[in-house]
1. From the helices alone, meaning DSSP H stretches of at least four residues, give me the mean residue ellipticity at 222 nm for chain A, per-run term -39500 (n - 2.57), in deg cm²/dmol to the nearest 500.
2. How high is the relative contact order of the range A:169-299, in percent, counting Cα pairs under 8 Å that sit 6 or more residues apart?
3. Please give the FRET efficiency for B:D47 paired with B:A246, using the beta carbon to beta carbon distance and R0 = 22 Å, rounded to the nearest 0.05.
4. Compute the distance in nm between two label points, each set 7 Å from the Cα along the Cα-to-Cβ direction, one at A:Q220 and one at B:L75.
5. What list of ³J(HN,Hα) values in whole Hz, one per residue of the range A:114-131 in order, does the Karplus curve 6.51 cos²θ - 1.76 cosθ + 1.60 (θ = phi - 60°) give from phi, with Gly and Pro shown as x?
6. With contacts defined as alpha carbon pairs under 8 Å and 6 or more residues apart, what's the relative contact order of the range B:62-281 in percent?
7. Using only the alpha-carbon atoms, how far is helix A:167-184 inclined from the longest principal axis of chain A? Give it as 0 to 90 degrees, nearest 10.
8. Which whole number in µm²/s is D for chain A by Stokes-Einstein, with the Kirkwood Rh taken over Cα pairs at 25 °C and 0.890 mPa s?
Amino acid sequence: MAGLSLEHVGKRYPNGFEAVKDFCLDIKDKEFIIFVGPSGCGKSTTLRMIAGLEDISSGTLEIDGKVVNDVEPKDRDIAMVFQNYALYPHMSVYDNMAFSLKLKKLPKDQIDKAVREAARVLDLEQLLDRRPSALSGGQRQRVAMGRAIVRSPKVFLMDEPLSNLDAKLRVQMRTEISKLHDRLGATIVYVTHDQTEAMTLGTRIVVMKDGEVQQVDTPQNLYNAPRNLFVAGFIGSPQMNFVDATVGRSGSGVSLSFEGQKVELDGDRAKALLDGGYDGKTVVLGIRPEDVHEADAPSEGKRLSSPVAVTVGVYELLGAGSMLYCDCGKTSIAASVSSDTKARVGSKINVAFDLDKIHLFDKATEQAIAH
Amino acid sequence: MHFGKNMRTYYLILIPVLVLFFAFNTFPLINGLIYSFTNSKGYGGFDWVGLRNYADLFSDSRVGNSYLFTFKLALLGTVVINVLSLVLALALNSKIKFKSSLRGLYFIPNILGALVVGYVFNYFFTYILPYLTHSTSMLADKGWAWVAVVVVCAWQAIAMNTIIYISGLQTVPEDIYEAGALDGASGWNKFRYLTFPLIMPFFTINMVLSMKNLLMVFDQIMSLTQGGPAQSTESISYLIYNNGLAGGQFGFQSANAVIFFIVIVTISVLQMRFLNSREEQL
């Protein structure tokens, strides 16, 4: 296994479209890196540049300390699992897995050993003689993984490998991939648009938008300290609430006013706002639905804001909890509350924000001010 | 009532087609089969001769030679046509400029009539090529005339075969090639292990069509050599036409046509069976 380094890597197509801009990232040996972002953000293009399936327009790509910009895909010692699996339809499962080793002209017994070992790991032993057309989606996915594993590559690249599976199988395969990473100690670069996959699998996540890296961090840090509005909105489900609020001084702290409501802040957040010269300006207050509580519910030691009066617009019972989508003037606020809640559609209730979980963003630059 | 009205419409559509098909296909076929048991000259009276025409076919050296020539042409032509059209299709399917225009250009031979092409090439082989090479016409040379026929047949047939191969190549998903590129399949290995097996169904169609068309070669012979020199390029179809209609061997050549029909059907079926068994189940 090996590390990877992308320095100012860019991709510009002949029509002038810049799919990836100034991508910088060091991937350590055995890391599980996730590229996540909405469709068209450049995550797959970046992965394909690493694979050698797309030319790199600018910058340098190193695998295991060697610049590989102009190295053929087959000579980069990488393996890739494609979104549509890209299995060879005319070959059996065995031949699909053995193909790369055959082309390397390895001895037959060595190929056989590698294929059977991978088949054992992935529970494919009974399927070795079958053609891909006779396999289910999950089995095809495992064959695609097997084809990658037999090569013992320096780096595994996975391009949305679970997106064609149904929800149940996806969860199952996610666990399998995680186990595989632990077992093989492999360096994996994984592309997905599913933030749950990103959060559960990655040791670090690269959030991308419009070809630019927005933030590279651990899942925990991305969730707790998103660098900008996009990351804050993209990571976390249901999405973080964003409220435009005007900053004003209030004693030693500040107050955030919106829709006739007021939230008082002190400590680091208040200091950051004052130091940043936001007094009198509008900022974006971010609060995750699970940090919005019903004002009369037990607070369990949390520091809650003063009550904010809202009207429930939509009520969803999710089983373990409930979601309330509330209106506060023209602002919508989602709250993830206990399933015991008495609130229903049309109820006028008071909610309160967990003051220690409030995120603040600059309205113009969309960059984080404080968490 | 509704059903009856529908049926009437169906019959109104079906019967004219059936009548035409019977009149111009089935009836001549049966007629030919009947005449093959006679000594008809194509005019005047005739006697029944039983299977004598069929027996004589196997001892007639001219018929034998026409079979030899036709099979030589068909086998060689099929190989030449398929190899060249596959190469052309690969080139026209790659990332090149003016791809669509070139595809159109290479398809032109197919829309020209075979006789027109034959007469143009006749002029080329009779006047232009000898002038350029300071030699005699290929068409007048017993050893080379068949090559000219192969060239003309191939020139025209390649157009259609190329289009069929191009459509075949377009059915291969790009990600298969990408997976192949990562696995180390490039150049010849890519063609041998990925492209060719995946376009095998199209190869089957092209092989059967080329073989069948070449076995039935007529227009090119008519316009280029008329079977000459010294009957060295006399195809079976041309012999049936020439001796059957103009040579007073209507009954005998009818028997030849029946055998030829059976031969072509047999070859096509065998070819389909063999190639289908090699087609990969995709």
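1. Numbers: 9 runs with 93 residues, N = 371.
It comes out at -7500 deg cm²/dmol, rounded to the nearest 500.
2. On the way: 148 pairs, mean separation 20.9, N = 131.
In percent, rounded to a whole number, it is 16.
3. Numbers: r = 21 Å, r/R0 = 0.96.
That gives a FRET efficiency of 0.55.
4. 7.7
5. Along the range A:114-131, the couplings run 5, 5, 5, 5, 5, 5, 5, 4, 9, 6, 10, 4, 6, 10, 4, 8, 7, 8 Hz.
6. Working: 245 pairs, mean separation 66.6, N = 220.
30 percent.
7. With rounding to tens, the tilt is 70 degrees.
8. Numbers: Rh = 23.1 Å.
Using the Kirkwood radius from Cα pairs, D works out to 106 µm²/s.
We did not get these values from a lab; they are worked out from the coordinates using the rules stated. Being a predicted model, the structure only gives us computed values, none of them experimental. FYI the Cβ positions are ideal-geometry reconstructions off the backbone, even for glycines, and counts take in every protein chain you see.
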